[in-house]
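In what follows, a structure is listed as structure tokens, so that the remarks can point back to it.
The values are calculated or read from the model by the stated rules, or taken from the named source; none is laboratory data. The structure presented is a predicted model; accordingly, all values stated were derived computationally and were not measured. Because the Cβ atoms are built from the backbone with ideal geometry, glycine has one as well, and the counts that use them run over all protein chains shown. All accessible areas refer to the heavy atoms of the entire protein, side chains included, with ligands and DNA or RNA removed. Shrake-Rupley method; radii C 1.70, N 1.55, O 1.52, S 1.80 Å.
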Amino acid sequence: MYNIWTDKRWIFRPSNGLLRVRRNEDLVSFVLCLTVIFIGSMLLWQAFEEYSRAKLMTRWPTSLGRVIESHLEPVAEGGDTRWRPMVRYMYDVKGQTVISAGISPATARDAYGESDAREMVVAYPPNTSVVVFYNPERITDSVLDHALPRFAWLSLFAGLGLVSAGAARLLVSHRVFWR
């Protein structure tokens, strides 16, 4: 690509002044920056999706429910044992009794250390009343806590970091390679 006003190449030159980098290295750097920006964008998209899902759950109707049981389930991850908190509860919707086990969006897929998992289960002792948020379109889809999962924050900050690093590298290469 040429700039029609100055007849200079925009991206690739055989010798790029300050760094003395060759054309292939320019291309590798450019593709690497775009890859880092793409990965960061995907992490940002994932964080936004989790935020949207948690925000939607706040608008779900509620019902008063009762905890049936609460315990920890062991989950084997590699050579380590992690724990998944399980709380079974029942609630009524339009005269229909529903039994569910969803604490939050994150607990269905995440495993925790024993102390963290036990801390989550302690909040829901058996035979206590709980407020259940349920999906009006699928009443079996319910949660007790609609807070944003921990990994959403990690995705947000990692995505912002990667997009920023990739964009900064492109700007630096613009100043060095394209002048």
Expressed in nanometres to one decimal, the distance between label points 7 Å along Cα→Cβ at VAL172 and PHE38 is 2.2
Rounded to the nearest whole number, the Stokes-Einstein translational diffusion coefficient of the stretch 74-177 at 4 °C and 1.567 mPa s (Kirkwood radius, C-alpha pairs) in µm²/s is 77
PHE48 and LEU64 label points (each 7 Å along its Cα→Cβ direction) are spaced in nm at 4.1
Length gained if THR81 through ALA123 is fully extended, taking 0.36 nm per residue and subtracting the Cα-Cα distance, is 12.9 nm
Of every hundred units of 1.4 Å-probe accessible area on the stretch 128-174, the number belonging to carbon and sulfur atoms, as a percent, is 69
Note: TRP153 to LYS94 extended length (0.36 nm per residue) minus current alpha-carbon separation gives 17.6 nm
The stretch 82-163 accessible area per residue, 1.4 Å probe, protein heavy atoms, integer Å², reads 55
